[in-house]
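A.B. asks: First the structure, which I've put down as structure tokens, then a few questions once you've had a look.
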Amino acid sequence: MLSTIWFVLWGVLWAVYFMLDGFDLGLGILKPFLAKTEQEHKVALNAMGPFWNGNEVWLITAGGVTFAAFPGTYAVMFSALYTPLMLLLFALILRGISYEFRGKEDAGWWRKTWDLCHFAGSFVAALLLGVAFANIFAGIPIDGDGIFQGNLLTLLNPYGLAGGVFFVLMFSVHGGLWLANKSQGKLRERTAKAIKVLWGLLLIVAVAFLSFTWFATSLWRNVLTRPLTLLLPILAVSGLLATRVFVARSNWWKAWFSSSVTIVGSTLFGVAGLYPALLPSSLNPGFSRTAFNTQSSPLTLKIMLGVALVMVPIVILYQAWVYRRFSEPVTVESLVTEDLY
């Protein structure tokens, strides 16, 4: 029972991370194409500035839960996926320092360099997250000893790359919606046009990826054995369609929340389809790392559950306060007095 509870929490933490950090990764991807002036670049940066660092907490928490609740899975995952995870780490570091270094000099070449670094870090991080999770859904070639029988190119298979493209587009739409909420004038108009184009591409890729998932993984077959979990892909599709409806009405906040539903529904659909596997093996199902054969001791899981029930609500309340505190659009006037980046 405790293993199942922690498996669910593991999936929820990843879903929350994708929902929150997804918008600033997506905004980082879109910024070079939407921001035409220095002022617009600052609007975009300050639209995500107060939030991005806090959003990373959920990535650390998801990784921490994997380590503490399922140490056997953590050991194999960070061995098998060492190269992409290190590349992901470097991308996130590059993105993080670009916020701070960009404003250290006024030279145009300096700011353009760090804008490029910010774009590269955001794009690579989104792509690698999609590639990693698509491979997990399909199964990683790990043997009975947990040794990865492949290399980086093994992970860059058609299904893995399809997952990467899906994540990049999903996060880009999500980030565009956030910028539409936080900006005004020509920047918002430009963003609105981009969202409509990107949403159309996302719809095509989402249908293709879900269809590909039927043949490349066992997610659909596993979900069909538990009919209630079919609500998760239905939720994801409903959120995607609702996003477009609200975009047409220029109701940006409702569109952003609908996009959040799509991200959470898609992630939980994948997690539900994996259960009880955390890291399935494509070589032999018996080699898979599951919630039952890699769990920590029952006492550890009980103590962790008590800590989580106390600390997670505190984190949620704090982040809710931050989002409420910085909920207003970023204006030219606010940049004069609150030019953070």
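The values are calculated or read from the model by the stated rules, or taken from the named source; none is laboratory data. Since the model is a prediction, treat every value here as computed from it, not as a measurement. Quick reminder, even Gly has a Cβ in these numbers, built from the backbone with ideal geometry, and neighbours come from all protein chains shown.
A.B. asks: Of the numbered conditions (1) touching a residue at least 24 places away in the same chain (Cβ under 8 Å); (2) more than 18 Å from F123 (Cβ to Cβ), G164 fails exactly one; give the number of that condition.
C.D. replies: The number of the failed condition is (2).
A.B. asks: Within the range 43-60, can one find any residue that is of a type in the set (S, T, N, Q), under 19 Å from the mean Cα position of the chain (by Cα) and at pLDDT below 90?
C.D. replies: Yes, the range 43-60 contains a residue that is of a type in the set (S, T, N, Q), under 19 Å from the mean Cα position of the chain (by Cα) and at pLDDT below 90.
A.B. asks: Does any residue in the range 30-41 that is over 16 Å from Q184 (Cβ atoms) come within less than 6 Å, Cβ to Cβ, of a residue that is aliphatic (A, V, I, L, M) and surrounded by fewer than 16 Cβ atoms within 10 Å (Cβ to Cβ) six or more places away or on a different chain, and which pairs are these?
C.D. replies: From the range 30-41, no pairs qualify.
A.B. asks: So which of G64, G49, G54 is of a type in the set (G, A, S), loosely packed, with under 15 Cβ neighbours inside 10 Å and either under 30 Å from D115 (Cα atoms) or without any contact (Cβ under 8 Å) to a residue 40 or more places away in the chain (or both)? Spell out the reasoning first.
C.D. replies: On the way: G49 fails: loosely packed, with under 15 Cβ neighbours inside 10 Å; G54 fails: loosely packed, with under 15 Cβ neighbours inside 10 Å.
The unique qualifying residue is G64.
A.B. asks: Just for the range 91-119: of the residues that are among the aromatic types (F, W, Y) and surrounded by 13 or more Cβ atoms within 10 Å (Cβ to Cβ), which one is farthest from N46 (Cα to Cα)?
C.D. replies: In the first step, residues of the range 91-119 are kept if they are among the aromatic types (F, W, Y); the result is 99, 101, 109-110, 114, 119.
From what's left, surrounded by 13 or more Cβ atoms within 10 Å (Cβ to Cβ): 99, 101, 110, 114, 119.
Values: Y99: 10, F101: 14, W110: 18, W114: 15, F119: 15 Å.
Among them, the one singled out is W110.
A.B. asks: Also, I was wondering about something else. Select, from E100, E56, E40, the only residue that is assigned to a helix (DSSP H, G or I) and within 30 Å of T290 (Cβ to Cβ). Working first, answer last.
C.D. replies: Details: E100 fails: within 30 Å of T290 (Cβ to Cβ); E40 fails: within 30 Å of T290 (Cβ to Cβ).
Just a single option satisfies the conditions, and that option is E56.
A.B. asks: Could you count how many residues in the range 222-272 are under 20 Å from the mean Cα position of the chain (by Cα) and exposed (fewer than 15 other Cβ atoms within 10 Å of the Cβ)?
C.D. replies: So the answer is 3.
A.B. asks: Something else: May I ask you to verify whether L27 is assigned to a helix (DSSP H, G or I), touching a Gly at 6+ places or on another chain (Cβ under 6 Å) and either within 21 Å of F167 (Cα to Cα) or in contact (Cβ under 8 Å) with a residue 12 or more places away in the chain (or both)? Step through it out loud before you land on a result.
C.D. replies: Details: assigned to a helix (DSSP H, G or I): yes; touching a Gly at 6+ places or on another chain (Cβ under 6 Å): yes; either within 21 Å of F167 (Cα to Cα) or in contact (Cβ under 8 Å) with a residue 12 or more places away in the chain (or both): yes.
Spelling it out, L27 is indeed assigned to a helix (DSSP H, G or I), touching a Gly at 6+ places or on another chain (Cβ under 6 Å) and either within 21 Å of F167 (Cα to Cα) or in contact (Cβ under 8 Å) with a residue 12 or more places away in the chain (or both).
A.B. asks: What number of residues within the range 275-294 are surrounded by 21 or more Cβ atoms within 10 Å (Cβ to Cβ) and either part of a strand (DSSP E or B) or in contact with a Phe, Trp or Tyr (Cβ under 7 Å, 6 or more places away or on another chain) (or both)?
C.D. replies: Residues that pass the stated criteria total 7.
A.B. asks: Further question on the same structure: Taking only the range 284-306 into account, find how many residues are of a type in the set (A, V, I, L, M) and touching a residue at least 12 places away in the same chain (Cβ under 8 Å). Spell out the reasoning first.
C.D. replies: Residues of the range 284-306 that are of a type in the set (A, V, I, L, M), as a first pass: 291, 299, 301, 303-305.
Adding the requirement that they be touching a residue at least 12 places away in the same chain (Cβ under 8 Å) leaves 291, 301, 304-305.
Residues in the range 284-306 being of a type in the set (A, V, I, L, M) and touching a residue at least 12 places away in the same chain (Cβ under 8 Å): 4 in total.
A.B. asks: In the range 227-250, is there at least one residue being of a type outside the set (A, V, I, L, M), without any contact (Cβ under 8 Å) to a residue 40 or more places away in the chain and not in a helix (DSSP H, G or I)? Working first, answer last.
C.D. replies: First, the residues of the range 227-250 that are of a type outside the set (A, V, I, L, M): 227, 229, 233, 238-239, 243-244, 246, 249-250.
Within this subset, residues satisfying the condition of being without any contact (Cβ under 8 Å) to a residue 40 or more places away in the chain are 227, 233, 238-239, 246, 249.
Pick out the ones that are also not in a helix (DSSP H, G or I) and you get 249.
Within the range 227-250, one or more residues are of a type outside the set (A, V, I, L, M), without any contact (Cβ under 8 Å) to a residue 40 or more places away in the chain and not in a helix (DSSP H, G or I).
A.B. asks: In addition: Hey, any hits in the range 225-242 for a residue that's under 23 Å from F78 (Cα atoms) and of a type outside the set (K, R)?
C.D. replies: Of all residues in the range 225-242, those under 23 Å from F78 (Cα atoms) come to none.
Looking through the range 225-242, none of the residues is under 23 Å from F78 (Cα atoms) and of a type outside the set (K, R).
A.B. asks: Another question about this same structure. If we scan the range 300-309, do we find a residue that is among the polar types (S, T, N, Q) and either crowded, with 21+ Cβ neighbours inside 10 Å or closer than 17 Å to W14 by Cα (or both)?
C.D. replies: If we filter the range 300-309 for residues that are among the polar types (S, T, N, Q), which is where we start, we get 300.
Filter again for either crowded, with 21+ Cβ neighbours inside 10 Å or closer than 17 Å to W14 by Cα (or both), leaving none.
Within the range 300-309, none of the residues are among the polar types (S, T, N, Q) and either crowded, with 21+ Cβ neighbours inside 10 Å or closer than 17 Å to W14 by Cα (or both).
So that you can scan it fast, the table gives a plain yes or no per residue for (1) touching a helix residue (DSSP H, G or I) at 6+ places or on another chain (Cβ under 8 Å); (2) among the β-branched types (V, I, T); (3) assigned to a helix (DSSP H, G or I):
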| position | (1), (2), (3) |
| --- | --- |
| S79 | no, no, yes |
| P84 | yes, no, yes |
| H118 | yes, no, yes |
| G121 | yes, no, yes |
| V124 | yes, yes, yes |
| A132 | yes, no, yes |
| N135 | yes, no, yes |
| G146 | yes, no, no |
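A.B. asks: Let me ask you something else. Taking S334, is it more than 28 Å from F167 (Cβ to Cβ), in contact (Cβ under 8 Å) with a residue 60 or more places away in the chain, assigned to a loop (DSSP other than H, G, I, E, B) and out of contact with any Cys (no Cβ under 7 Å at 6 or more places or on another chain)? Break it down into steps so the answer makes sense when it comes.
C.D. replies: Values: more than 28 Å from F167 (Cβ to Cβ): yes; in contact (Cβ under 8 Å) with a residue 60 or more places away in the chain: yes; assigned to a loop (DSSP other than H, G, I, E, B): no; out of contact with any Cys (no Cβ under 7 Å at 6 or more places or on another chain): yes.
Criteria not met by S334.
A.B. asks: If you go through the range 106-134, how many residues are in contact (Cβ under 8 Å) with a residue 24 or more places away in the chain and over 15 Å from the mean Cα position of the chain (by Cα)? Steps first, answer last, please.
C.D. replies: So in the range 106-134, the residues in contact (Cβ under 8 Å) with a residue 24 or more places away in the chain come out as 111, 115-116, 118-134.
Then drop every residue that is not over 15 Å from the mean Cα position of the chain (by Cα), which leaves 111, 115-116, 118-120.
Residues meeting the conditions: 6.
A.B. asks: Let me ask something else. Can you go through S183, S218, S211 and tell me which one is surrounded by 22 or more Cβ atoms within 10 Å (Cβ to Cβ) and not charged (D, E, K, R)?
C.D. replies: Answer to the check: S183.
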